[in-house]
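Read the structure below first, then the notes.
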């Protein structure tokens, strides 16, 4: 379905099953996969910039954080005047510059490839939070792990086919198991006590009626620029998801058992609680039709790798520049000046006809000169939250097959901080696509669903965070899987702090997203999933599809 102005709708992009195990870009199925091995080198991005890092194929990876690489960028962006005192002379000209090499930036660069775009990424590899690694012949995600199957005939499906994703990503669908206090259940609903299952059935009926149009509550189908749809969506966005459910159920309080399951879902999907996430965002995920997912080798790192290789069929490799930190973007006359430091610390200035800022909005607030007061105020209303991932490299196979195991525990954890007391709530079969009979990668996802979690994560040592993972691994994860400690070959820890923007009430109703998305001085455009505060790959790709035609029109004019 496409809305009247031609933009892809959220309903087309996001399809998630109610009360299923959906997590930080993750959902799965319990069927045994066909073994899809890695694609040929001709279909891959160059090794030194690929989102799939092949440097640590053997046991013995460095004992350090993978994932985000914030320190260099933070040091530069916290002291931008150091580099702006003497602005460099223009050393290069480009039709369009894309700032950020995550899913939004890669998609925008691909769609604008005939203009020979210059893409600048601050990390040493492309992909954003869609990065992965290799262990022998096994590939596994460090962050985002799957994407949703696109509707037949949709612009998303056409784009995915252009990238050749159907050649590498396998389609899966099904219900996932659920673990509650170390007991296995076939689903989250089955883990509930009998007196509460009827309440869960009532909620599922409500979600189905919202989707089908039989409910008085309209399905919040966004992104959209349709005025009537936005008015109805804004009404939902003014209250929290928990408040909406209380109204639907006619209850002053939701039973704690039901609420606990919902809260864990929201922590994994939004990195926030049901009282922090708007009813519009919550229903957008919960009430969406159930659908299949696609899993590429290495998760979404395999997707990002494929996009990068597709770009390089039209542009030269030197147009995709990693370790390039942009510290200033400013419109000067009819062009936009982009200043950045390369990997050697040398300053460069590029004069562009158009710029696509595919970076988080807190970065936009640092680098965009003459930023509008309304945009700066809108950015100040956004809240980003962090999460951690630990990949367990195991000798042996899973005794019980699943893609994503949802973990719930009511056990109290005595901890000195909220970070120390956090738990992994999803165990994902990381090498699902390329799995062998004697090697398994289990990816543990641990959200930090509270304000201040990002800074606490960045200030904590690798040793402390690894120890927290090890405690849960030894006491809960290994026994649950029937593994012994001797089978554990290695733990690789990744941290992410830029990817999840909390979908708070009011961001739609108060037109915050309108201010975030609006082009700057008609030449700077914004493509990122935080445009709508909806945390998934499809949000970023959808925004690229929406805004690149506007960039095209500008360049042609």
Study note, to complete from the structure: Filtering the range 532-545 down to residues that are surrounded by fewer than 24 Cβ atoms within 10 Å (Cβ to Cβ) and at pLDDT 95 or above yields 545
Check your understanding: Applying the selection to the range 402-428, what residues are surrounded by 15 or more Cβ atoms within 10 Å (Cβ to Cβ) and part of a loop (DSSP other than H, G, I, E, B)?
Key -> 402, 403, 409, 419, 420, 422, 423, 424, 425
Review point. For the range 137-163, how many residues meet the condition of being touching a helix residue (DSSP H, G or I) at 6+ places or on another chain (Cβ under 6 Å) and on the phi > 0 side of the Ramachandran plot?
Key: 0
Check your understanding: Can you tell which of 289, 330 is at pLDDT below 95, outside any helix (DSSP H, G or I) and surrounded by fewer than 24 Cβ atoms within 10 Å (Cβ to Cβ)?
Key -> 289
Practice item. Answer yes if at least one residue in the range 261-282 is within 21 Å of residue 503 (Cα to Cα), in contact with a strand residue (DSSP E or B) (Cβ under 7 Å, 6 or more places away or on another chain) and surrounded by fewer than 17 Cβ atoms within 10 Å (Cβ to Cβ), and no otherwise. Key: yes
**Study point:** Boolean, residue 448 is over 24 Å from residue 140 (Cα atoms), touching a helix residue (DSSP H, G or I) at 6+ places or on another chain (Cβ under 7 Å) and buried (at least 22 other Cβ atoms within 10 Å of the Cβ)
**Key:** no
Check your understanding: Hey, among the residues in the range 373-395 that are touching a residue at least 24 places away in the same chain (Cβ under 8 Å) and farther than 25 Å from residue 65 by Cα, which one's surrounded by the fewest Cβ atoms within 10 Å (Cβ to Cβ)?
Key -> 377
Exercise for review: Please state which one of 304, 280 is farther than 24 Å from residue 145 by Cβ, modelled with pLDDT of 90 or more and in a helix (DSSP H, G or I).
Suggested key: 280
Practice item. Looking for whichever is within 25 Å of residue 301 (Cβ to Cβ) and either assigned by TED's automatic domain parsing to the domain that holds residue 502 or in contact (Cβ under 8 Å) with a residue 12 or more places away in the chain (or both) here; the options are 431, 471. Which one fits? Key: 431
**Study point:** Of all residues in the range 351-362 being surrounded by 21 or more Cβ atoms within 10 Å (Cβ to Cβ) and not in a loop (DSSP other than H, G, I, E, B), the one that is farthest from the chain's Cα centre (by Cα)
**Key:** 352
Review point. Of all residues in the range 205-233 being assigned to a helix (DSSP H, G or I) and in contact with a helix residue (DSSP H, G or I) (Cβ under 8 Å, 6 or more places away or on another chain), which is surrounded by the fewest Cβ atoms within 10 Å (Cβ to Cβ)?
Key: 206
Review point. Does residue 262 satisfy being at pLDDT 90 or above, at negative phi and in a helix (DSSP H, G or I)?
Key: no
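The rows are residues; the columns are (1) surrounded by fewer than 24 Cβ atoms within 10 Å (Cβ to Cβ); (2) closer than 30 Å to residue 437 by Cα; (3) at pLDDT 95 or above; (4) within 23 Å of the chain's Cα centre (by Cα).
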position	(1), (2), (3), (4)
10	no, no, no, yes
30	yes, yes, no, yes
49	yes, no, yes, yes
65	yes, yes, yes, yes
69	yes, no, no, yes
93	yes, no, yes, no
107	no, no, yes, yes
113	yes, no, yes, no
116	yes, no, yes, no
Exercise for review: Residues that are more than 24 Å from the chain's Cα centre (by Cα): find the helices (runs of 4 or more DSSP H) completely inside the range 429-498 holding 3 or more of those.
Suggested key: 462-472, 478-481
Review point. Got a sec? Which of 370, 348 is assigned to a loop (DSSP other than H, G, I, E, B) and surrounded by fewer than 24 Cβ atoms within 10 Å (Cβ to Cβ)?
Key: 370
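The values are calculated or read from the model by the stated rules, or taken from the named source; none is laboratory data. Bear in mind that the values here come from a model prediction, so they are computed numbers and not experimental data. For neighbour counting, all protein chains shown are included, and Cβ atoms are generated from backbone atoms with ideal geometry for every residue, glycine included.
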